[in-house]
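Engineer: I'd like to ask you about the structure that follows.
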Amino acid sequence: MVSGAMISRAPGRGWLIFGGILSILVGFFAIAAPGLFGYILTQLIGAFCLVSGFLALFQAVFGKQRPHRFLSALSAIIRIAAGSALFFYTVAGMAALTLILAVVFLTEGIVCIVTSFRMRENPAWVWLLLNGVTALVLGGMVYARWPVDAAWVVGLLYGIQSVFSGFTMLMLGLKTVDVDADSRR
């Protein structure tokens, strides 16, 4: 029997709980060492852009599909250039990521707030609302201090947002009935 507190039904409840715990742990690491986390994050994003850019360029040059070959190669070259800039000019890349992070937080805040009001039947909707408000505040803080605080702000504010997002996922996972488990009964 399902209690009245667990109204919503969604597959992958365990993934929500796992993702929430992982997000909380990553968030605490980022808060503990924000400069190091920001530097590592910038280099990691640069490395991903480089690898994916080279793979895409290889496919554009040697792939069997001819349509859009030029556009695919151009996209790959842009990705390689962005990855190189982030990886080899990490401090400047951190400043760029700080501005991008402000936009992401502001957007996430708006989306979470709107979504929270649409899912008020879920007992954890308040956590999503709090997550949205937090994201809006953090986005405003990042933008207000850009680029002065770019060296540490990416790590610290990403960490704070990661903890809030993780806690939100954890609460949604704990308050949601697993459809797969419920159907096996």
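Engineer: Spelling out what I want: for every residue of region 140-147, take phi, set θ = phi - 60°, compute 6.51 cos²θ - 1.76 cosθ + 1.60 (Karplus), and round to whole Hz; glycine and proline get x.
Structural biologist: x, 5, 4, 5, 5, 10, 7, x
Engineer: Would you please give the FRET efficiency between residue 43 and residue 148, computed as 1/(1 + (r/R0)^6) with r the Cβ-Cβ distance and R0 = 35 Å, to the nearest 0.05?
Structural biologist: FRET efficiency, residue 43 to residue 148: 0.95.
Engineer: A further question follows. Given Cβ point charges of +1 (Lys, Arg) and -1 (Asp, Glu) and nothing else, what value in debye, to the nearest 20, does the dipole of region 48-185 about its Cα centre take?
Structural biologist: 460
Engineer: When the helices in the chain are scored as -39500 (n - 2.57) per DSSP H run of 4 or longer and the sum is shared across all residues, what 222 nm value do you end up with, to the nearest 500 deg cm²/dmol?
Structural biologist: -28000 deg cm²/dmol
Engineer: Determine the dipole magnitude for region 1-122: charges of +1 sit on the beta-carbon of Lys and Arg, -1 on that of Asp and Glu, nothing else is charged, the reference point is the Cα centre, and the result goes in debye to the nearest 20.
Structural biologist: The calculated dipole for region 1-122 is roughly 460 debye.
Engineer: Tell me, in nm to one decimal, what length is gained between residue 32 and residue 59 on full extension, where the rule is 0.36 nm per residue of separation less the Cα-Cα distance?
Structural biologist: Full extension from residue 32 to residue 59 adds 5.7 nm.
Engineer: Subtracting the Cα-Cα distance from 0.36 nm times the residue separation, let me have the gained length for residue 21 to residue 68 in nm, one decimal.
Structural biologist: 12.7 nm
Engineer: When only DSSP loop residues count, what trypsin sites (Lys or Arg not before Pro) in region 13-71 have their Cβ near at most 11 other Cβ atoms within 10 Å?
Structural biologist: When the trypsin sites (Lys or Arg not before Pro) of region 13-71 are filtered for loop state and at most 11 Cβ neighbours within 10 Å, 64 remain.
Engineer: If I fit a long axis through the Cα atoms of helix 90-118 and take the longest principal axis of the Cα atoms of the chain, what angle between them do I get, 0 to 90°, rounded to 10?
Structural biologist: The helix 90-118 is inclined about 30 degrees to the chain.
Engineer: Given axes a ≥ b ≥ c from the Cα gyration tensor, I'd like to know whether the chain is rounded (a/c under 1.5), prolate (a/b larger than b/c) or oblate.
Structural biologist: Judged from the Cα gyration tensor, the chain comes out oblate (a/c at least 1.5, b/c at or above a/b).
Engineer: Sticking with this one: Which residue, chosen from 52, 158, 128, occupies the Cα position most advanced towards the positive end of the dipole of the chain, where the dipole is computed from +1 (Lys, Arg) and -1 (Asp, Glu) charges on Cβ about the Cα centre?
Structural biologist: Selected residue: 52.
Since every read-out is calculated from the coordinates, none of them should be taken as a lab result. Because the structure is predicted, anything quoted here is derived from the model rather than measured. Here the Cβ is made from the backbone with ideal geometry for all residues, glycine too, and neighbour counts use every protein chain on show.
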